[in-house]
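Below you'll find the structure, written out as structure tokens, and then a few comments.
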């Protein structure tokens, strides 16, 4: 398990793939310089860390996406860090919890993307959640699409292996499509 300092070193040494990611990395580092470890807890209301996972099938032709109840869109898996500093392990745990998969493998344990994501005000578990930012770190995984899935009904309405060329048909959060496309390109380079 990584410590706070190890995770922050990993984030600061990550090489962004575009200008947007470079700006997001800078914002993440500035925020954590001010809030330190508190940024890893969702009680840090302005912004807090989350970890996301792009799960590819073994042939790397599909991604496993969930239909998120809050966002009403298919999208990647993931969740809050909740005071855990090892964001790769957070992403891994979330994949298992959200899919019921018993086996999933990292394509790489290195960070594949960083982004600052806006979360709109919403209600969850009958509580008001104010608008805030997710300081998000993304990892890439692979799993057997023939393995049984188990839907987490508290979080999602559906789980589905989506062919890469059909993402636009399933993703209604269009602002995330460039991030998903970037992750697809990166994953193809990891395995080649």
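What to note about this one:
- Fewest-first ranking of 137, 129, 104, using other Cβ atoms within 10 Å as the exposure measure: 129, 104, 137
- The stretch 4-191 - convex hull of alpha carbons, volume per residue in Å³: 109 Å³
- GNM on the chain, alpha-carbon springs under 10 angstrom: the most fluctuating residue among 22, 62, 124 is 124.
- As a length-normalised measure over Cα pairs under 8 Å and 6 or more apart, the relative contact order of the stretch 40-154 settles at 33 percent.
- Here r is the Cβ-Cβ distance between residue 83 and residue 120 and R0 is 35 Å; the resulting FRET efficiency, rounded to 0.05, is 0.90.
- Computed on the stretch 7-69, the Cα convex hull volume stands at 143 Å³ per residue.
- Contour minus Cα-Cα distance for residue 146 and residue 30 (0.36 nm per residue): 37.5 nm
- With contacts taken as Cα pairs under 8 Å at a separation of at least 6 residues, the chain carries a relative contact order of 26 percent.
- Förster radius 22 Å - calculated FRET efficiency between residue 61 and residue 160, Cβ distance, rounded to 0.05: 0.95
- In terms of its Cα atoms, the stretch 111-171 spans 38, 28, 23 Å along the principal axes, sorted from long to short.
- DSSP beta bridges in the chain [antiparallel fraction, %, rounded to 5]: 70 percent
- Difference of contour (0.36 nm per residue) and Cα-Cα distance, residue 127 to residue 41: 29.2 nm
Taken together, the values in this text are just the output of simple stated rules run on the coordinates, not laboratory data. Predicted model, so just to flag it, every value in this text is computed and none were measured. Because the Cβ atoms are built from the backbone with ideal geometry, glycine has one as well, and the counts that use them run over all protein chains shown.
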